[in-house]
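Contents: one structure, followed by commentary.
Where a number appears in this text, it was derived from the coordinates with a stated rule and is not lab data. As the structure is a computational prediction, the values presented were derived from the model and not from experiment. Neighbour counts run over all protein chains shown; Cβ positions are idealised from the backbone, glycine included.
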Amino acid sequence: MADAPTGVSRALREAPPDRVVEAADLAIRSSLGASGTAVFIADYRISGLWPVLDPGQPGVATPAVQGTVQRCFSSQQPVRESAEDGRCRLYLPLSVWGERLGVLIVELAAEPPETVVRAAVDIAGDVAMALRAADRETDRYRRARRRERLSMAAELQWELLPGRSVSHGSFQLAGQLEPAYTVGGDHFDWSLDDGRLTVTVLNGDGIGLAAALLTAVTVNAMRNARRSGGGLVEQAELASDTVYYQHRGHRHVATLLLELDCATGRVRAVDAGSPHLVRLRGGTVSRVALEQQLPLGMFAETRYDLQEFDLDPGDRLFVVSDGVWAADPSGRETYGERAMARAMRATRLQPPTEAVGTVMRELQTFHADTDLRDDAVVVCLDWRGAVGRESG
């Protein structure tokens, strides 16, 4: 049994990218003596999980199975279900570096010993890694994620994302875009490098494809500076100059750039004209006071200044775009006035991966379930406490 994960891993490496799920099924049947498997992938809204193989598989499409799949995905913990006939079903989260992809179901003829359960957990990690890698080489799993056709702008935005969540010894981070299938210019980006986490959130200018193209230029300019060793100021200034010389000040991008030192909890920031930064400390929600500077691309040769603040262990940061903060669907007070703070306080016991969904669902409720008028981004960062670089 100790060789089971190794055998599955080898089978996954040798499989074509569009046949990873089938290769995993055959290998798991062989190595664990399973009678069947199923892989569920989370959709773009993370509002449901959907089978990659035949959804008509016996027992896979039932409400009970769907409910357990959702419970496993939300908790990120294995779930074991035993039937009266002695059969057992294992539900295993498919996650890579804290990014939640879906759930693997393994059906067994009898109640498994702990060695089999541990082997199945390791195999789920290998399957998740293979799915993430294969996603670059095939459209199969992206098709499974979408419940409707993406707009061209949304296609660009989802391709540009680094992921939807990531974990580290000192932090946990997650983000969500809405409306998922038609989002235009709002966006987020992040990168972890040598114990420093860089996070950027963009409040895109305009709507549709033009907004998505502007955001793509801005994000890639900041990435170019970052990957060349530039700090936040260099990232903001290169992106600002790039946008300005493309559009001569007629288009601009409000952007917040953050850099977290994972060893100390010190945060550096460049606030280029919003989005909004909110801290949840204990049960108190408050704005983090930053001096707003000019949006990227408004004027030529704009220069930016760094600001700094410290996080306490247990602090939670939310970054939201204007589509969240300023939402006023019926002309009443904006969502950011009071309703958003209530939603954020309600997330205290949830991980960031669930918290971003809670804030978005409350925003939808605030809109009385009508379509969002503006793009909306929510990013949530939990600071767990300082760790040394050996934990990165």
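Of 92, 197, 173, the residue with the greatest mean-square motion in the GNM of the chain, using alpha carbon springs below 10 Å, is 197.
Using only Cα coordinates, the Kirkwood hydrodynamic radius of the chain works out to 22.1 Å. Label separation (residue 227 vs residue 137): 2.1 nm, computed from points 7 Å beyond Cα along the C-beta direction.
For the chain, the antiparallel share of DSSP beta bridges with both residues in that region comes to about 100%.
Say a paramagnetic label sat at a point 7 Å from the Cα of residue 348, along Cα to Cβ; which residues of the stretch 284-307 have their backbone N under 20 Å from it? Within reach of a label on residue 348, which here means backbone N under 20 Å from a point 7 Å along Cα→Cβ, the stretch 284-307 contributes 284-288. Against the longest alpha carbon principal axis of the chain, how many degrees, from 0 to 90 and to the nearest 10, is the axis of helix 232-247 turned? The helix 232-247 is inclined about 70 degrees to the chain.
Loop only per DSSP, at most 16 neighbouring Cβ atoms within 10 Å: give me the chymotrypsin sites (Phe, Trp or Tyr not before Pro) in the stretch 291-391, ordered by residue number. Present the calculation step by step, with values, prior to reporting the outcome.
Values: sites: 299, 304, 309, 318, 325, 335, 366, 383; in loops: 299, 304, 335.
Qualifying residues, ordered by number: 299.
What 222 nm value per residue comes from the helices of the chain, counting each DSSP H run with n ≥ 4 as -39,500 (n - 2.57) and dividing by all residues, nearest 500 deg cm²/dmol? Write down the numbers at each step before the final one.
Numbers: 11 runs with 135 residues, N = 392.
Computed ellipticity for the chain at 222 nm equals -11000 deg cm²/dmol.
Rg and Dmax of the stretch 147-253, based on Cα coordinates, read 14.2, 43 Å. Taken about its Cα centre, the stretch 4-143 carries a charge dipole of roughly 320 debye when the Cβ of each Lys and Arg holds +1 and the Cβ of each Asp and Glu holds -1.
The C-alpha atoms of the chain define a longest principal axis, and helix 208-227 lies at about 90 degrees to it. Springs join every pair of Cα atoms under 10 Å in this Gaussian network model of the chain, and among 150, 257, 177 the largest mean-square fluctuation is at 150. Distance from the Cα centroid of the stretch 16-30 to that of the stretch 98-173 is 15 Å (rounded to whole angstrom). Placing unit charges on each Cβ (+1 for Lys and Arg, -1 for Asp and Glu) gives the stretch 4-143 a dipole about its Cα centre, and among 120, 69, 98 the Cα reaching farthest toward its positive end belongs to 98. Does anyone have the angle between helix 352-366 and the longest principal axis of the chain? Alpha-carbon axes, 0 to 90°, nearest 10? Compared with the principal axis, the helix lies near 70 degrees. Max-minus-min Cα coordinates of the stretch 4-143 on each principal axis give 41, 33, 28 Å, with the largest extent listed first.
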